[in-house]
Amino acid sequence: MTKAVIIGAGIAGPALGVALRRIGMEVEIFEQLPADADQRGSWLNFQANGLDALRAIDAGSWVGKLGYPVDTMSFVNGKGRVLGELPMAFRRPDGLTSRMMPRAGLFTAMTDMAVHHGIAVHHNKRLLDARNTGTGVVARFEDGTEATGDILIGCDGIHSRIRKIIDPGAMAPRYVPVLNTGGYIPDFTVDVPPKDFRMQFGTKCFFAWMPTGDGGTIWFANPPMAKEPPRGVLSAMSDAQWRQWLHELMDGDVGPASDIIDAAPGPIMGWATYDMPVVKRWHDSSRMIVIGDAAHATSPAAGQGASMSLEDAVTLAQCLRDCPDTASAFATYESLRRERVERIVANGHKSSADKAAGPFMRVIRDLILPFTFRAGAKDGGQSMMWLQGHHIDFDERLTPATA
Ligand SMILES: Cc1cc2nc3c(=O)[nH]c(=O)nc-3n(C[C@H](O)[C@H](O)[C@H](O)COP(=O)(O)OP(=O)(O)OC[C@H]3O[C@@H](n4cnc5c(N)ncnc54)[C@H](O)[C@@H]3O)c2cc1C
């Protein structure tokens, strides 16, 4: 039986583990964080194509009830002028739509899912090095232990070690000049229709809020920051500093932002944003490959990082099942995935740039966006279907790219 060593129990890793078990592979997952780590803050827009990918491996129930459904995104500017509205994926024939969910909840569900399928998830295992021995792979961890297998898949996120091992010249993550902060406020409502995420292109800051239907509100903000903050600067900011800064950024804009900032449970925290536009080498000849953020992280503005990681995981398992050897599987996988994911990363980068627009670009943006949204609304969201309408039939046999 082929044995896969997976590095990283974020989103791609556990899903890949479950998918590989379905095709009869032996799997072990190694994760650097302790089992009870809850370091992944914020909320996440989990789009329909991610749920579709999980459903392809009969795992949709692990996230299908997490969080709250989102049907539309409506946009206003700092003066409260309506710029337009975009439907989410309700054109999908299966009716799947997006859900806002806590990132920590999604991560926990993914690991629980892997464990439920009998997969060993080893925590406190920080990978330092890995090598292709010609007949297999050996992974070496910080605690001095090693793991061996036939193939090794780096699901180790945007700062991937495996990416560097495959290609020491691989690009570093690119800084995107907006920060992320946000959370959930129980017992706080906003005047927005249910399932509508209201997004404000504020004068100085992008700010968003959505009522959850049970008396709470999800919110997030993207404070602009032109230069990458030195490591530690954001985590050193106090809750009071965050609130004061957010108030300053939203001062004068029409809407509930100020009340949200006051009502949000603390501590407010923030994250810098990075993406990976083009990772030239995803795999070595036959034994090591990166998927998920390690291969193509996108700015959160795309709302697609988690979903792409899940699509990757399921597609890679199909390729390993249907191709005559691993080299062919990796090549087939890349031919199926590269164009799509790079397009999504480019879209995400553009959305982030719109959020960080200066005074001149803001005027242009506010003039152009209504046309864009009108076009999107007119076709009932059809133009978004390439993104959220992606469907995977796990039983479909793939044709090897090199055949
Ligand atoms: C603030 C924020 C908001 C976001 N919002 C959204 C959103 O709205 N929608 C969306 O779809 N996506 C969003 N994302 C992105 C999403 O979280 C990622 O795209 C997704 O988690 C990628 O999954 P992954 O499994 O590839 O990587 P990760 O989830 O990053 O998992 C990688 C795992 O590998 C582990 N690891 C790393 N290095 C090692 C090592 N050397 N040894 C062992 N283990 C290692 C890490 O600890 C981690 O558990 C957001 C991200 C952030 C930061």
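This table checks each residue for (1) more than 9 Å from the ligand (Cβ to nearest atom); (2) at pLDDT 95 or above; (3) part of a loop (DSSP other than H, G, I, E, B).
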position: Gly215; (1), (2), (3): yes, no, yes
position: Trp219; (1), (2), (3): yes, yes, no
position: Leu246; (1), (2), (3): yes, yes, no
position: Asp253; (1), (2), (3): yes, yes, yes
position: Thr273; (1), (2), (3): no, no, no
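Considering only residues in region 39-71 that are over 18 Å from Met100 (Cβ atoms) and among the charged types (D, E, K, R), the one that is nearest to the ligand (Cβ to nearest atom) turns out to be Arg55. Within the option set Leu336, Leu320, being open to solvent by less than 60 Å² (accessible area, probe 1.4 Å) and part of a helix (DSSP H, G or I) holds for one residue only, Leu320. The combined condition, being farther than 15 Å from Trp386 by Cα and modelled with pLDDT of 95 or more, is not fulfilled by Leu336. Regarding region 46-59, can at least one residue be identified that is open to solvent by less than 20 Å² (accessible area, probe 1.4 Å), under 30 Å from Thr203 (Cα atoms) and in contact with a strand residue (DSSP E or B) (Cβ under 7 Å, 6 or more places away or on another chain)? Yes, there is a match, as at least one residue in region 46-59 is open to solvent by less than 20 Å² (accessible area, probe 1.4 Å), under 30 Å from Thr203 (Cα atoms) and in contact with a strand residue (DSSP E or B) (Cβ under 7 Å, 6 or more places away or on another chain).
Scanning region 137-161 for residues that are near the ligand (Cβ under 8 Å from one of its atoms) and either in a strand (DSSP E or B) or hydrophobic (A, V, I, L, M, F, W, C) (or both) yields Phe141, Cys155, Ile158.
Each row is one residue, and each column tells you yes or no for (1) within 21 Å of the chain's Cα centre (by Cα); (2) closer than 30 Å to Ala139 by Cα.
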residue	(1), (2)
Gly169	no, yes
Arg174	yes, yes
Arg198	yes, no
Met210	yes, no
Gly213	no, no
Gly252	no, no
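Could you grab me the full set of residues in region 285-297 that are near the ligand (Cβ under 7 Å from one of its atoms) and open to solvent by 10 Å² or more (accessible area, probe 1.4 Å)? Hit for region 285-297 is Asp293, nothing else.
Scanning region 231-240 for residues that are exposed (fewer than 12 other Cβ atoms within 10 Å of the Cβ) and either at pLDDT 95 or above or assigned to a helix (DSSP H, G or I) (or both) returns Ser235, Ala236, Ser238, Ala240.
Taken across region 113-121, residues that are surrounded by 21 or more Cβ atoms within 10 Å (Cβ to Cβ) and either among the aromatic types (Phe, Trp, Tyr) or near the ligand (Cβ under 10 Å from one of its atoms) (or both) do not occur at all.
Ala130 falls short on exactly one of the conditions (1) closer than 30 Å to Ser61 by Cα; (2) among the small types (Gly, Ala, Ser); (3) in a strand (DSSP E or B), and that condition is (1).
Are any of the residues in region 100-108 in a helix (DSSP H, G or I), near the ligand (Cβ under 10 Å from one of its atoms) and open to solvent by 50 Å² or more (accessible area, probe 1.4 Å)? Within region 100-108, one or more residues are in a helix (DSSP H, G or I), near the ligand (Cβ under 10 Å from one of its atoms) and open to solvent by 50 Å² or more (accessible area, probe 1.4 Å). Total residues in region 192-213 satisfying the condition of being under 17 Å from Met250 (Cβ atoms) and open to solvent by 20 Å² or more (accessible area, probe 1.4 Å): the figure is 3.
Return yes or no: is Glu311 closer than 25 Å to Asp167 by Cβ, open to solvent by 50 Å² or more (accessible area, probe 1.4 Å) and either in a helix (DSSP H, G or I) or within 16 Å of the ligand (Cβ to nearest atom) (or both)? When the stated conditions are applied, Glu311 does not pass them. All conditions but one from (1) within 28 Å of Asp366 (Cβ to Cβ); (2) open to solvent by less than 20 Å² (accessible area, probe 1.4 Å); (3) not aliphatic (A, V, I, L, M) apply to Gly216; the one that does not is (1).
Phe75 satisfies every condition listed in (1) more than 16 Å from the ligand (Cβ to nearest atom); (2) among the aromatic types (Phe, Trp, Tyr); (3) over 24 Å from Leu179 (Cβ atoms) except (3).
Cβ-Cβ distances below 6 Å connect no pair with a first residue in region 106-130 that is without any contact (Cβ under 8 Å) to a residue 24 or more places away in the chain and among the charged types (D, E, K, R), a second residue that is outside any helix (DSSP H, G or I) and more than 10 Å from the ligand (Cβ to nearest atom), and a separation of six or more residues or different chains.
Residue-level analysis places Ala35 among those that are under 30 Å from Thr148 (Cβ atoms), open to solvent by 10 Å² or more (accessible area, probe 1.4 Å) and outside any strand (DSSP E or B). Determine whether Ala295 is outside any loop (DSSP other than H, G, I, E, B), of a type in the set (Gly, Ala, Ser) and under 27 Å from Leu96 (Cβ atoms). Taking the combined requirement at face value, the residue satisfies it.
The values are calculated or read from the model by the stated rules, or taken from the named source; none is laboratory data. Predicted model only: the values in this text are computed from it and were never measured. No Cβ is skipped: glycine too gets one built from the backbone with ideal geometry, and neighbour counts run over all protein chains shown. Surface areas here come from the heavy atoms of the whole protein model, side chains and all, with no ligands, DNA or RNA. Shrake-Rupley method; radii C 1.70, N 1.55, O 1.52, S 1.80 Å.
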